[in-house]
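Here the structure is laid out as structure tokens; the discussion comes afterwards.
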Amino acid sequence: MNLIQKCALILTIIGAINWGLIGIFNYNLVEALCGAHSFLTMAIYILVGLSGLINIMLLFSDIHQ
């Protein structure tokens with residue numbers, strides 16, 4: 001697993017934890033830390049989304065590489 005894949009995995013985990021907090025406690029940690037509708041919040045959401053796409057590609061890639 002290379003550095004980009006590890007970063008994508010970490011960002012996906014952060015996104016999953018944030019969605020868990022939203023679902024259980026109605027608390028958005030990203031917006032609480034970075035501000036609602038800020039550029040940083042939008043950038044984090046974009047990075048988490050791109051990380052999800054990278055992880056989808058990893059799911060369907062050859063395991064024995």
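The values are calculated or read from the model by the stated rules, or taken from the named source; none is laboratory data. Every value quoted in this text rests on a predicted model; they were computed, and no experiment measured them. Neighbour counts are summed over all protein chains in view; Cβ atoms, including those assigned to glycine, are modelled from backbone coordinates with ideal geometry.
In segment 21-36, the residues that are more than 17 Å from Leu47 (Cα to Cα) reach residues that are hydrophobic (A, V, I, L, M, F, W, C) and part of a helix (DSSP H, G or I) with C-beta atoms within less than 8 angstrom, at least six apart or across chains, in these pairs: Leu21/Leu29; Tyr27/Leu21.
Taking the conditions (1) at pLDDT 95 or above; (2) under 20 Å from Leu3 (Cα atoms); (3) surrounded by 13 or more Cβ atoms within 10 Å (Cβ to Cβ) in turn, Asn55 satisfies each one other than (1). Scanning segment 14-21 turns up no residue that is out of contact with any Ser or Thr (no Cβ under 7 Å at 6 or more places or on another chain), of a type in the set (S, T, N, Q) and exposed (fewer than 11 other Cβ atoms within 10 Å of the Cβ).
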